[in-house]
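Asker: Quick one: this structure, given as structure tokens, is what I'll be asking you about.
The values are calculated or read from the model by the stated rules, or taken from the named source; none is laboratory data. Since this is a predicted model, take the numbers as computed values, not measurements. Cβ sites come from the backbone with ideal geometry, for glycine too, and all protein chains shown count toward neighbours. Surface areas here come from the heavy atoms of the whole protein model, side chains and all, with no ligands, DNA or RNA. Shrake-Rupley method; radii C 1.70, N 1.55, O 1.52, S 1.80 Å.
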Amino acid sequence: MYPPSFDYAAPDDLDEAIKLFELHNDNAKIMTGGVGLINAMKHHIIRPGFLIDISRIRELSLIGDHGGYLSIGATVKVAELQRSDLVKRNYTAISEAAGAIADPLLRNMISVGGNVCTGNPDDDLPPVFLSMDAQYILAGRNGRRVIDADGFYLGHMSTAIRPGEILVEVRVPRQAERSGSAYIKRELRQNDHLVAGVAASISLEEDGRYKRLAFGLSGSGNTSIHARLPGAKFTGSRPIDVPVGDIAKMVVEEASPLSDRQGSASYKRKVILALAREALTLALQRAEQGGQK
Amino acid sequence: MKISVNVNGRNVDADVEPRKLLVDFIRDDLHLTGTHVGCDTSSCGACTVLLDGVAVKSCTMFAVQANNRNITTIEGLSKGDELHRLQSAFIEEGGLQCGYCTPGMIMTSAWLLSNNAAPTEEEIRNGISGNLCRCTGYDSIIRSIQKASSDRRGGRK
Ligand SMILES: Cc1cc2nc3c(=O)[nH]c(=O)nc-3n(C[C@H](O)[C@H](O)[C@H](O)COP(=O)(O)OP(=O)(O)OC[C@H]3O[C@@H](n4cnc5c(N)ncnc54)[C@H](O)[C@@H]3O)c2cc1C
Ligand code: FES
Ligand code: FES
């Protein structure tokens, strides 16, 4: 299977990439890992005339603690995100979601930028970023703009990225003192297409009451879903007074899974319910153990 | 487009079309046919090679993406006639039947052992989960990797 011909450039400078993208905007695509693009090009689903490979731009390849937030460069490989001690310790669900993507070899190839920008509701990182109130930094001809992950996913394979814009960084707010997170994905067999995935991200008050509760869902509808509703509702309650199952039920109400080869919509709702309970229980344990910094 | 890559320790300069897949560059242009194509859609791992020491699926990369980087294929593992300890272990433990998946399995295992010299069975099973084998049922492959990780007599590190 061969993609149609195209031109290729791999600038090592971001400004250069932005200029090239502007120049060829009508038929150029940004490439980071290439895994999504190459498969789509082999099947002639897309036929870009120009690929701008940004994987050699050094400044986009870093993971760093910037005091108020975790900074993840767009070309960071998801394998690196999975392994990072900083991420594992303080942003556990991100590490878990990165480790849930595809297989070990593809994780060496797939980048954060590709996973975040495709807009596939089944991808693993977006729900976690939603649940943690992450922001995406986009660079273009007119400078940079910051957009909440929450407003980024518009529909199936549709995002708020504008022509000529490149995602350069994901920023995740520093997790509060007593906070915990978890991401759990269910597949029928290893590396199979997912049935559904649930991210839970919570923080507790000093006296143990819920301060913040947020969920993110994959495989649960047309787009990655941020389930905030239960968070607002249970804030101020003590975890012991609210059955985890009650919260999980409200998470499921946010989902509108589709029947497909992975199962019927009603089966998927049951799976989402179970995953929401599991993810919340785990996140709560982590928060109560002093958890993430 | 002109590219310059190091393949199995040898520098290669070539002029390739941007759409040329890395696996086809390796097989058709360099005539290193140990790297296989199974699915052509990123699933089976028959095409696994090391890129700067890291295992990747070469059917899902363009050769131009490997510009100025180091590639190791199955042909680059042995030292002349002296087999790599993974290759010896696969023979001794019957880690292959038809052999189609074997080059990819061994390249993935080489990467795995380079990060973790003594993986547990579970770490091995997870580590090779991007490589499919239609013949062996995997158990003999896992034994082969275990043997290579504990037995260093047969080859170099
Ligand atoms: C066999 C297989 C299994 C998979 N399994 C999983 C899985 O389990 N979980 C999961 O989450 N995903 C999975 N994926 C999907 C994969 O994560 C996506 O295809 C992802 O886009 C690949 O990342 P990449 O870096 O290779 O992206 P690329 O192919 O480089 O790019 C993908 C898309 O994003 C755009 N893009 C990339 N970077 C940027 C940027 N910085 N700014 C603007 N646009 C950008 C590109 O233009 C393109 O449209 C799987 C894919 C395959 C082929
Ligand atoms: S041929 Fe590359 S993964 Fe199957
Ligand atoms: S030995 Fe035949 S596919 Fe693995």
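Asker: Projected area of the stretch B:85-152, taken from the Cα convex hull and averaged over every viewing direction, in nm²?
Answerer: Values: hull surface 15.0 nm².
That works out to 3.7 nm², a quarter of the Cα hull's surface.
Asker: So, one more: In square nanometres, what is one fourth of the surface area of the convex hull spanned by the alpha carbons of the stretch A:7-53? Display every interim value, and only then the final one.
Answerer: Working: hull surface 12.2 nm².
Value for the stretch A:7-53: 3.1 nm².
Asker: So, one more: Taking the C-alpha atoms of the stretch A:1-102, how large are the radius of gyration and the largest Cα-Cα span, Dmax, in Å?
Answerer: Spelled out, the Cα radius of gyration and Dmax of the stretch A:1-102 are 15.9, 47 Å.
Asker: Given R₀ = 30 Å, FRET efficiency for B:Val12-A:His66 by Cβ-Cβ distance, to 0.05? Don't skip to the end; give the middle numbers.
Answerer: On the way: r = 41 Å, r/R0 = 1.37.
Calculated value: 0.15.
Asker: Enumerate the whole-percent occupancy of each 5 Å bin, from 0 to the last occupied one, for all C-alpha pair distances of the stretch A:35-156.
Answerer: With 5 Å bins starting at 0, P(r) equals 2, 10, 19, 25, 22, 15, 6, 2, 0.
Asker: How much accessible area per residue does chain A have, counting only protein heavy atoms and a probe of 1.4 Å, in square angstrom?
Answerer: Working: 12330 Å² over 293 residues.
Here the per-residue accessible area is 42 Å².
Asker: Starting from the Cα-Cα distance between A:Lys233 and A:His156, subtract it from 0.36 nm times their residue separation and give me the gain in nm to one decimal.
Answerer: Numbers: separation 77, 0.36 × 77 = 27.72 nm, distance 2.84 nm.
Taking 0.36 nm per residue and subtracting the Cα distance, the gain is 24.9 nm.
Asker: Heavy-atom accessible area per residue, the stretch B:36-157, 1.4 Å probe: how many Å²? Mind dumping the intermediate values first?
Answerer: Numbers: 5060 Å² over 122 residues.
Per-residue value: 41 Å².
Asker: Shielding by partners for A:101-112, please: the mean number of other protein chain Cβ atoms within 10 Å of each residue's Cβ.
Answerer: Per residue, the number of nearby Cβ atoms from other chains is 6 on average.
Asker: Next question, about the same structure. In degrees, nearest 10, range 0 to 90: what is the angle between the Cα axis of helix A:244-254 and the longest Cα principal axis of chain A?
Answerer: That helix lies at roughly 40 degrees to the long axis.
Asker: Output the Kirkwood hydrodynamic radius of the stretch B:2-76, Cα pairs only, in Å rounded to one decimal.
Answerer: Working: mean 1/r = 0.0840 Å⁻¹.
Here the Kirkwood hydrodynamic radius works out to 11.9 Å.
Asker: If you project the alpha carbons of the protein assembly as shown onto the principal axes, what extent comes out on each, in Å, largest first?
Answerer: Over the protein assembly as shown, Cα extents along the principal axes are 70, 54, 43 Å.
Asker: If I require 15 Å or longer along the helix axis, counting alpha carbons, and a Kyte-Doolittle average no lower than 1.6, what helices from chain B are left? Use full DSSP H segments.
Answerer: On the way: long enough: B:102-115 (20 Å, 0.59); B:139-150 (17 Å, -0.27).
Span-like helices here: none at all.
Asker: Mind jotting down a quarter of the surface of the convex hull over the alpha carbons of the stretch A:166-293, in square nanometres, one decimal? Mind dumping the intermediate values first?
Answerer: On the way: hull surface 35.3 nm².
Over every viewing direction, the Cα hull of the stretch A:166-293 projects on average to 8.8 nm².
Asker: To the nearest 10 degrees, how steeply does helix A:265-288 sit against the main Cα axis of chain A, on a 0 to 90 scale?
Answerer: Helix A:265-288 and the main axis of chain A meet at about 70 degrees.
Asker: Okay, next question. Could you calculate the FRET efficiency of A:Gln289 with A:Leu188 from 1/(1 + (r/R0)^6), where r is the beta carbon distance between them and R0 is 30 Å, rounded to 0.05? Walk me through the numbers on the way to the answer.
Answerer: On the way: r = 32 Å, r/R0 = 1.06.
Result of the calculation: an efficiency of 0.40.
Asker: Filter A:Lys268/B:Lys57; A:Lys29/A:Lys270; A:Lys19/A:Lys88; A:Lys77/B:Lys2; A:Lys185/A:Lys211; A:Lys29/B:Lys20 down to the pairs with a C-alpha to C-alpha distance above 28 Å, please. All intermediate terms of the calculation are to be shown ahead of the outcome.
Answerer: Working: A:Lys268/B:Lys57 32 Å; A:Lys29/A:Lys270 39 Å; A:Lys19/A:Lys88 36 Å; A:Lys77/B:Lys2 26 Å; A:Lys185/A:Lys211 25 Å; A:Lys29/B:Lys20 17 Å.
Where the Cα-Cα span goes over 28 Å, the pairs concerned are A:Lys268/B:Lys57; A:Lys29/A:Lys270; A:Lys19/A:Lys88.
Asker: So how do A:His156, B:His31 rank on accessible area, 1.4 Å probe, biggest first, that is with the largest at the start? Mind dumping the intermediate values first?
Answerer: Numbers: A:His156 105, B:His31 135 Å².
The ordering from most to least exposed comes out as B:His31, A:His156.
Asker: Additional query: What do the square roots of 5 times the Cα gyration tensor eigenvalues come to for chain B, in whole Å, largest first, as semi-axes of the equivalent ellipsoid? Don't jump to the answer; show the numbers that get you there.
Answerer: On the way: eigenvalues 141, 55, 34 Å².
So the three semi-axes of chain B are 27, 17, 13 Å.
Asker: Can you give the local net charge around A:Phe6? Use residues other than it whose beta-carbon is closer than 14 angstrom to its beta-carbon, Lys and Arg +1, Asp and Glu -1. Walk me through the numbers before you get to the answer.
Answerer: Details: positive: A:Lys29, A:Lys42, A:Arg47, B:Arg19, B:Lys20; negative: A:Asp7, A:Asp26, A:Asp53, B:Glu17.
Net charge in that neighbourhood comes out at +1.
Asker: Projected onto the charge dipole of the stretch B:2-76 (+1 at Lys/Arg Cβ, -1 at Asp/Glu Cβ, origin at the Cα centre), which of B:Leu30, B:Gly53, B:Ile3 gives the Cα projection farthest towards the positive end?
Answerer: Highest projection toward the positive end goes to B:Gly53.
Asker: If you filter the stretch A:190-293 for GluC sites (Glu not before Pro), then keep DSSP loop positions with at most 13 other Cβ within 10 Å, what is left? Let's see the in-between values first.
Answerer: Values: sites: A:Glu205, A:Glu206, A:Glu253, A:Glu254, A:Glu278, A:Glu288; in loops: A:Glu205, A:Glu206.
Passing sites in the stretch A:190-293 are A:Glu206.
Asker: Follow-up. Please give the contour-minus-distance gain from A:Met1 to A:Asp85: 0.36 nm per residue of separation, less the Cα-Cα distance, rounded to one decimal in nm. Don't jump to the answer; show the numbers that get you there.
Answerer: Values: separation 84, 0.36 × 84 = 30.24 nm, distance 3.93 nm.
Full-extension gain reported as 26.3 nm.
Asker: Restricting attention to the stretch B:117-146, which trypsin sites (Lys or Arg not before Pro) occupy a DSSP loop and are surrounded by at most 16 other Cβ atoms within 10 Å?
Answerer: Working: sites: B:Arg125, B:Arg134, B:Arg143; in loops: B:Arg134.
Sparse-neighbourhood loop trypsin sites (Lys or Arg not before Pro): B:Arg134.
Asker: Same structure again: When the accessible area of the protein assembly as shown is split by element with a 1.4 Å probe, what percent falls to carbon and sulfur? Could you put the intermediate results ahead of the total?
Answerer: On the way: 8960 of 19130 Å².
On the protein assembly as shown, the fraction of accessible area on carbon and sulfur atoms equals 47 percent.
Asker: Right, another one. Taking the Cα atoms of the stretch A:203-278 alone, what are Rg (to one decimal) and Dmax (as a whole number) in Å?
Answerer: Calculated on Cα positions, Rg and Dmax stand at 13.4, 46 Å.
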